[in-house]
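Below is one structure, written out as structure tokens, with a few remarks after it.
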Amino acid sequence: MGDQKMTEDKAVLLLVNYLENRGWKIDGYCLGQTKGCDITANKNFENIKIEVKGSRAGDLSPTRKRKYFDRGQIKTHFGRAIVKILEDKYKNPACRVAIAHPFDNDIISAIGHLIPFLKKLEIEHFWIYEDGKIEHIC
């Protein structure tokens, strides 16, 4: 884990690549501050919706105020992602759902201890590494 801070857009693109390489068809993905589910995909009659978070705002983000997200912002973004993905699960009960984060020291410190609890909510998790490696926790 270096000092590099990954934007949400980069995390989305790395995860899209990972999914495509594993046979998933990407139905759609959002970049920038576009509203909607960050990634939707399907494979073998199975669907997944993924909310992706970054370590910092994008360079062109109108809400960019600091170089990277602090603990409070990380926790707020995580809470919003949980609510959003649970709403998606409510609307689409048969759909798999997940949250993804960059593998980042600040994120791990702020919420890493909470990630194992997602499984009890039937929420999968992806850690996204700068080099494109993905760790999928089902």
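The values are calculated or read from the model by the stated rules, or taken from the named source; none is laboratory data. The model shown is predicted, which means the values in this text are computed figures rather than measured ones. Reconstructed Cβ throughout: ideal geometry from the backbone, glycine too, with neighbour counts over all protein chains shown.
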Is it the case that some residue within region 41-52 is charged (D, E, K, R), under 14 Å from the mean Cα position of the chain (by Cα) and either surrounded by 13 or more Cβ atoms within 10 Å (Cβ to Cβ) or closer than 21 Å to Thr76 by Cβ (or both)?
yes
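For every residue, the table says whether it meets (1) outside any strand (DSSP E or B); (2) modelled with pLDDT under 80.
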residue	(1), (2)
Leu19	yes, no
Ile26	no, no
Gly36	yes, no
Thr40	no, no
Asn47	no, no
Leu60	yes, yes
Thr63	yes, yes
I'm checking my understanding of the structure. Among residues of region 101-132 that are free of Cβ contacts under 8 Å to residues at least 24 places away in the same chain and of a type in the set (D, E, K, R), which one is surrounded by the most Cβ atoms within 10 Å (Cβ to Cβ)?
Lys119
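State yes or no: is Phe69 at pLDDT below 95, surrounded by 20 or more Cβ atoms within 10 Å (Cβ to Cβ) and in contact with a helix residue (DSSP H, G or I) (Cβ under 9 Å, 6 or more places away or on another chain)?
On the way: at pLDDT below 95: yes; surrounded by 20 or more Cβ atoms within 10 Å (Cβ to Cβ): yes; in contact with a helix residue (DSSP H, G or I) (Cβ under 9 Å, 6 or more places away or on another chain): yes.
So Phe69 fits the description; yes.
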